[in-house]
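Undergrad: Handing you a structure now.
Computed from the coordinates by the stated procedures, all read-outs in this text should not be read as laboratory data. Since the structure is predicted, the reported quantities are computational estimates derived from the model, not experimental observations. Positions of Cβ are generated from backbone atoms using ideal geometry, with glycine treated the same way; all protein chains shown enter the neighbour counts.
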Amino acid sequence: MKDYTPFEIAELILAKRNNSITGGEERNLNEWKNRSDRNELLYKRLLEENIDADAVERRFEGYDYDKYYKDCCKKIDKSKRIKSIEILKWAALILIPVAVLSLVYFRDSGTKVYQAMADIRPGTSNAVLILSDGEKVTLGDKNAGDLIVKDNIKVESDTLKYENVTTEKIAFNTIIIPRGGEFVLKLSDGTKIWLNAESELKYPVSFTGNERKVYLKGEGFFEVTKNEKSPFKVVTNDHVISVLGTEFSIRAYSDEKYITTTLESGKVSIDAGNRHAELHPGQQSNVSNSEMTVKEVNTQLYTAWRNNKYVFDNQSLREILHTLSRWYDMEVDYDQYNLGDIRFTGELMKYSNITDFLEKLETLEKVRFDINGKKVRVSPY
């Protein structure tokens, strides 16, 4: 049984698309296609899909186009080369995805992530701001550049700022970060908050009285401006974190068991039900059903996302992919539940291609990843 190279398969599929395939070539193509369900799936998708230049460039924007273009040109039989530069480029545009997909499938070790219909992209800076009167303002990539929202409320790049805002009575705004989003908020007192994907923060337009209180759902990193006369409080359900001036993160997603507070600098006090604790730098509290534990941690594992990096240290695959699924807006399924218990260590820059990260995990020969659209399937290696 012949072992076909990726470019041989690419040429056969191109010939099939162009209705120029010979009887012998079609027999070879069918023989390769019938070897596995994956081959047949790849074959069908490439024949059914309408490939155009813009679509190819969007889908493979992370690849070295020149390299693949040159490789494609070299691999096309000289006797079959088309003299027209435009037609040759079009042929190469079709060959590129086929060759890339084939390469993904047919490494010698057979372990690369399947990317045929991958549509998983990193998140972006985007949010929805709900003003006190109910008006909704879309923030982020769709409204690139600076934006004056109202009075002294403005957006500069990826940061929503409240400067010299005064109100006669307390008025609350709410910022909602969707799945696959993030945004930065600078409150009227100078406190800066980084909000992660699938999070929500309700806060007063300006602070009055003897405390500064905000309400969080999801995950945020807080850099609180010190004011001894007005403690800063973060409320999540019945969980209250009180500070004077400090840097810390809170993770309080409704679909997770624990509310986690991690302290980088300063000091915070935590009240949850009848439990109370004070954290010092390098400590973390975990609260569930009014039960609280405090431990020493490497804070980078829980706060690095604020600096555009995810860091994992001996964490379960389930925890890792659950965290990444919010940012990459993807779904994860496991062929076997216990695959999610396998532990990994690694780092991922927030705006990088997730397939590169998954491929590195595959090299450990414990699991495989198949990507179809925004869905990732995990199967045994």
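Undergrad: I'd like the distance separating the alpha-carbon centroids of the stretch 306-365 and the stretch 198-225, in whole Å.
TA: 30 Å
Undergrad: Turning to a different aspect of this structure: Could you give me the ³J(HN,Hα) list for the stretch 231-243, computed from phi with Karplus coefficients 6.51, -1.76, 1.60 and θ = phi - 60°, whole Hz, x at Gly and Pro?
TA: x, 9, 10, 10, 10, 10, 6, 9, 9, 10, 10, 10, 9
Undergrad: Right, here's the next one. Long-range amide H contacts for VAL332: which residues qualify at under 5 Å (H placed 1.01 Å from N, peptide plane, sequence gap of 5 or more or a different chain)?
TA: The list, which skips near neighbours in sequence, is VAL376.
Undergrad: Here's another thing I want to ask about it. Can you flag which of LYS233/LYS295; LYS136/LYS226; LYS169/LYS192; LYS186/LYS257; LYS309/LYS360 are past 27 Å Cα-Cα?
TA: LYS136/LYS226; LYS186/LYS257
Undergrad: So if R0 is 56 Å, what FRET efficiency would VAL240 and ALA15 give, r being the distance between their Cβ atoms, rounded to the nearest 0.05?
TA: 0.25
Undergrad: Near the amide H of VAL268, under 5 Å away, which other amide H atoms are found, from residues 5 or more places off or on another chain, if H is placed in the peptide plane?
TA: Here the answer is LEU279, since their amide H atoms fall under 5 Å of that of VAL268.
Undergrad: Would you please name the GluC sites (Glu not before Pro) within the stretch 219-278 that are DSSP coil residues with at most 11 other C-beta atoms within 10 Å of their C-beta?
TA: Details: sites: GLU219, GLU223, GLU228, GLU247, GLU256, GLU264, GLU278; in loops: GLU228, GLU256.
Here the sparse-neighbourhood loop sites are GLU228.
Undergrad: Test of understanding: what is the full-extension gain from TYR215 to LYS295, defined as 0.36 nm times their sequence separation minus their Cα-Cα distance?
TA: 26.3 nm
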